[in-house]
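Quick notes on the structure that follows.
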Amino acid sequence: MLSGFHPDPSVCRVGEDYYLVCSSFEYFPGVPIFHSRDLVNWRQIGNVLDRPGQLELSPGADASGGIFAPTIRHHDGRFWMVTTNVSIGRHLIVTATDPAEPWSDPVYFDLPHVDPSLAWDDNGDCWMTVSGVESYRIDPAAGTVLEGPVPMWSGTGGQYPEAPHLYRIGEWWYLLVSEGGTHTGHAVSVARSRSIRGPFEPGPVNPFLTHRSTNQPIQATGHADLVQAGDDSWWMVLLGIRAKGQWPPYHVLGRETFLVPVQWVDGWPVAGSVEEVTTAPAGSPPAHAASPDPGDHRDDFEDAELAPGWISLRNRPERSWSLTDRPGWLTLHADGATLDRAGATMVGYRQRHHDCRAAVHVDPGTGRAGLTLRIDEAHHYDLELSGGIVRAIGRVGPFCQVFGERQVPAGPVTLTIATRTHDLLPPTVTSADQVAAPGAPFGVRPTACDMVSFEVQTADGPVVLAELDGRYLSTEVAAGFTGRVFGLFVTEGSAAFDWFDYRPVSTDEG
């Protein structure tokens, strides 16, 4: 499993190596790419769209715009990645012989819909299949359409037939389709045909994977891609959400990537049991079983380049950041005056656990900088440091408020944002009567179970400035397709960050 905001997974295998890509939306660089030898433990080896010439995202591009649903394939000795940049309304294809090295400049296609996928027929012709569901025979090098649209099979009648993938398996062409919308109605269905042009025969049991109308802890399962392992077993990567709270539940980590085994019965794929999906990644290929990464991440900014897991808002101009201005520190220069509008300088790291702590050691100089937890410009909580004062600020829609502040000595300061889940009330509230009392945590009700706390390190030890209800930073409130991101930011002047430390915590640690 890839925890945190890693939606719309696509996977391919070359020999003993697996490669996986995910959507990145308004973040730069785009399309993170991961490598694995066991389908369980994944290491990010780069980003497919890692330079401005490949990824056009204007400062004003909408939140949850940008890059939708990439597909990765290996054909004729090359890796191929196709995706849609919805901010410019175009599909694009890039290629590489080594997926860890720079990918080519894009070849664009002006075709409708999203979720493009590539397949090559027995004649060597390339087909691009898009949501809808329809296919086009294309010249992927020239960016020309040779034939189409060719109508395919659009599922069982669920809304938004999308994420189509074509596979040549034996004598059949199989078409995988997600439908029902990428939330609680999400499902995966399958059809097959002797010809890539159809007609397609629906599977005997559709959808053959869904968690809708169940009480399973992982919901919204869909947007799947099949892969055959080296031992001839079959597996499927797919997205899902881990919702929390009472009705209606909410999710804050975005859509995540999960793994499920697949068996073939009478010529049709059958997904593994619900237990196998919900316990992924334990259900890995037996020959490659391994324990998952613990999730700690520490960056002392001593390398020549930023690690590939760091993301920025829409672009990352060279003038906005440096690892050499102050060696061993990440220096950020303000490119926008507020996190409430696009264009601000931010370098972010995805929140990957419901219970975690993220800390930075920052020297604000004469600028305004700090640590934020955000979903978009209208939904973020900030620890902002300027003029010798650190403030805990909450922005939710049209409302913005300072919830706590403290004077701190000049010089570097350690700031921490922590998130935690709990069953009923936060530790500082011992009864429901206190919820409405002056000074009670913002927006807390007895059903709240996601708290965000803001802490500054002082000479007297850590001081908590505020605790805010985390549900206001959820997809159910903010909408969109992304999840929470911790961001190092500067909105005035320049600031330097000595280190960033992220770690999951148990609920017992608080």
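The values are calculated or read from the model by the stated rules, or taken from the named source; none is laboratory data. The structure displayed is predicted, hence computed values, not measured ones. Cβ: placed from backbone, ideal geometry, glycine included. Neighbour counts: every protein chain shown. In case anyone asks, the SASA skips ligands and DNA or RNA and just uses the protein heavy atoms, side chains included. Shrake-Rupley method; radii C 1.70, N 1.55, O 1.52, S 1.80 Å.
With both residues required to sit in the chain, DSSP beta bridges show an antiparallel share near 100%. Remark: the Cα gyration tensor places the chain in the prolate category, a/c being 1.5 or greater and a/b exceeding b/c.
Remark: accessible surface ordering of ARG374, ARG471, ARG357 (largest first) is ARG357, ARG471, ARG374, probe radius 1.4 Å. Taking only protein heavy atoms and a 1.4 Å probe, the accessible area of the chain is 50% carbon and sulfur.
How would the stretch 449-510 be classified by its alpha-carbon gyration tensor: rounded, prolate or oblate, with rounded meaning a/c under 1.5 and the a/b versus b/c comparison settling the rest? It comes out oblate by the Cα gyration axes. Note on HIS333: accessible area approximately 50 square angstrom, rounded to 10, probe 1.4 Å, nucleic acids and ligands left out. The stretch between ARG168 and ARG197, if pulled fully straight at 0.36 nm per residue, gains 9.2 nm over its current Cα-Cα span.
Kirkwood radius, the stretch 55-212, all distinct C-alpha pairs, inverse of mean reciprocal distance: 16.3 Å.
Residue separation times 0.36 nm, minus the C-alpha to C-alpha distance between THR144 and THR324: what's the value? All intermediate terms of the calculation are to be shown ahead of the outcome.
Working: separation 180, 0.36 × 180 = 64.80 nm, distance 4.40 nm.
Here the answer is 60.4 nm.
Restricting the stretch 300-352 to trypsin sites (Lys or Arg not before Pro) that sit in a DSSP loop and have at most 15 other Cβ atoms within 10 Å of their own Cβ leaves ARG341. The length gained on full extension between THR156 and VAL464, counted as 0.36 nm times the residue separation minus their Cα-Cα distance, comes to 105.7 nm.
Of the GluC sites (Glu not before Pro) found in the stretch 160-217, those that fall in a DSSP loop while having at most 15 other beta-carbon atoms within 10 Å are GLU171.
Given a 1.4 Å probe and the protein chains as shown, GLU201 ends up with an accessible area of around 80 Å².
Couplings for the stretch 53-69, taken from phi via the Karplus curve 6.51 cos²θ - 1.76 cosθ + 1.60 with θ = phi - 60°, read x, 9, 10, 9, 10, 5, x, x, 4, 4, 4, 6, x, x, 8, 10, 6 Hz in order; Gly and Pro are left as x.
Rounded to the nearest 0.05, what FRET efficiency do ASP98 and SER58 give with R0 = 25 Å and r taken as the Cβ-Cβ distance? Could you check? Numbers along the way, then the final one.
Working: r = 30 Å, r/R0 = 1.22.
Working from the Cβ atoms, E equals 0.25.
Given a 1.4 Å probe and the protein chains as shown, ILE88 ends up with an accessible area of around 60 Å².
Counting only heavy atoms of protein chains, what accessible area per residue, in Å², does the chain have with a probe of 1.4 Å?
Working: 19910 Å² over 510 residues.
Per-residue value: 39 Å².
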